[in-house]
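Asks: Sharing a structure below in structure tokens format, with a few things to ask.
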Amino acid sequence: MPTQPTATLALSDGTVVSGRAIGHRGTTRGELCFNTSMTGYQEILTDPSYYGQLVMMTYPHIGNYGTTPAENESHVPKAAGLIVRSCTDTPSGPPRREALHDYLAKHGVVGITDIDTRALVRQIRTNGVLNAVIDSSGADAGTLVARARNCPDMAGRAYAHKVTTQYAYTYNRDNGPTVVVVDYGAKRSLLDAFAQRGCTVHVVPAATPLDKLRSYAPDALFLSNGPGDPRAMPEAVEHARACLNANLPVLGICLGHQLMALAQGMQVYKMRVGHRGANHPVKNLTTGRVEITTQNHGFAVDAASIPDQGAIVTHRNLNDDTIEGLRYPQHKAFSLQYHPEASPGPHDSDYLFDSFLEMIPNHAPALRTARHGLAVAG
């Protein structure tokens, strides 16, 4: 990689650090969050749930194995910027893999390296998430701090319309159940999880009304992950309520999980730091099994708001006891705060896709491949 200019990272609390620019030269801003995954930086960058956020990787060496189109979770990066301790100039691995620096530059992503990410992570863990600016255009520190302070907070921001598909499309056609995916920012790996199980997968824009969903003759509905504050999405909450009342199996993941909870009268709150990484321990309260999970969320369901009859907690985070899964006994539905498809991360929770498909009448016997049980039927 050729010699790169100096870059500056400015936080809304006035912190300013200097490093080396990577990727596109320019300025970008957003909520600064950190991810503890050791690998999977390309999947993280292209995860639509990171829209509007600057991603800081805690693992010190990033870019070691380069990039390849096969590891994209969406067509282009959705993260607003990248912050790393050390970016590898020349990747190892198979030939024709593109260097991370070149990948970022090609897609217009501003990044910074050669800074003390460990210190910044400790600062965020102590004080909570902050907004920040990455700049490689030479702007002065005072201007950058002011831009960071003027950056819109993630709370109150509805971003799903920025990343949802603009047109309905069929991702996979097969002889198995038909699953309609409501796309709030769905990762490709989620679609693959259904395709690998022989499902016909139709992906529709987030605002698609229920009668249009029914026109696909679905066997089940899936409410995807996505960015932003679910509390700022009243239409999506009403849509989730309609889906729950449609007498079809429904699974919601991440943002979809939060929308389903809101639709059932629960509350969602902004977390001080959030969960982002591929090493979060979650306990399945039905089986007692502990799973290592992949997570990416800054909002969570308030446990105190869960009604006595409307939902049952099925999973909890063993780090902070937050809600990770809910079952809705009055509906054919359950939801998960984390990502059972991983990518990046372990596949301990992959069985939950089978548990979901087993809820479909006449398909359960053929699809009963899970080794770990979860009572999901209403």
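Where a number appears in this text, it was derived from the coordinates with a stated rule and is not lab data. Predicted model, so just to flag it, every value in this text is computed and none were measured. Ideal geometry is used to build each Cβ from the backbone, glycine not excepted, and the neighbour counts take in all protein chains shown.
Asks: Run the dipole for region 6-149 about the Cα centre, Lys and Arg Cβ at +1, Asp and Glu Cβ at -1, nothing else charged, and hand back the magnitude in debye, nearest 20.
Replies: 160
Asks: Restricted to Cα positions, what overall size does region 158-222 have along the principal axes? Three whole-Å values, descending.
Replies: That gives 35, 26, 15 Å along the principal axes, largest extent first.
Asks: Using Cα centres only, tell me the gap between region 271-302 and region 1-66 in whole Å.
Replies: Computed from Cα coordinates, the inter-centre distance equals 23 Å.
Asks: Among F353, G226, H315, flag the residue with its Cα farthest along the positive direction of the charge dipole of region 160-367, charges on Cβ as +1 for Lys/Arg and -1 for Asp/Glu.
Replies: G226
Asks: Using +1 on the beta carbon of Lys and Arg, -1 on that of Asp and Glu, and nothing else charged, what's the dipole of region 238-345 about the Cα centre, debye to 20?
Replies: Computed charge dipole of region 238-345: roughly 60 debye.
Asks: If packing is taken as the average count of other Cβ atoms within 10 Å, what order do 184-193, 249-258, 272-281, 324-333 fall into, highest mean first?
Replies: 249-258, 184-193, 324-333, 272-281
Asks: To the nearest 500 deg cm²/dmol, what mean residue ellipticity at 222 nm is calculated for the chain from DSSP H runs of n ≥ 4 alone, each contributing -39,500 (n - 2.57), summed and divided by the residues?
Replies: For the chain, the value works out to -5500 deg cm²/dmol.
Asks: Looking at the chain only, what percent of DSSP beta bridges run antiparallel? Nearest 5 please.
Replies: Counting only bridges with both partners in the chain, antiparallel ones make up about 60 percent.
Asks: How large is the dipole of the chain about the Cα centre if only Lys and Arg carry +1 and Asp and Glu carry -1, each at its Cβ, rounded to the nearest 20 debye?
Replies: Using Cβ point charges on Lys, Arg, Asp and Glu, the chain gives about 160 debye.
Asks: For region 1-83, state which trypsin sites (Lys or Arg not before Pro) are in a DSSP loop and have at most 16 other beta carbons lying within 10 Å of their beta carbon.
Replies: R25
Asks: What does the highest-first list of 337-350, 233-246, 117-130 look like by mean Cβ count within 10 Å?
Replies: 337-350, 233-246, 117-130
Asks: Quick one: 3J(HN,Hα) in Hz for region 237-244, Karplus 6.51/-1.76/1.60 with θ = phi - 60°, rounded, Gly and Pro as x.
Replies: Going residue by residue, I get 5, 4, 5, 4, 5, 5, 5, 5 Hz, with x marking Gly and Pro.
Asks: Can I ask one more? Among (i) 61, 47, 38; (ii) 73, 38, 31; (iii) 60, 53, 39, which one is Cα extents along the principal axes in Å computed from these coordinates?
Replies: Only one listed value fits the structure, namely (i).
Asks: How large is the Kirkwood hydrodynamic radius of region 160-367, counting all unique pairs of alpha carbons, in Å?
Replies: Computed over Cα pairs of region 160-367, the Kirkwood hydrodynamic radius comes out at 16.8 Å.
Asks: Now, a different point. Considering amide H positions built from the backbone, and no H for Pro or chain starts, which residues 5 or more places from V268, or on another chain, come under 5 Å of its amide H?
Replies: Amide H to amide H, under 5 Å and 5 or more residues apart or across chains, V268 pairs with D302.
Asks: Take every DSSP beta bridge with both residues inside region 6-149 and express the antiparallel ones as a percent of the total, to the nearest 5.
Replies: 60
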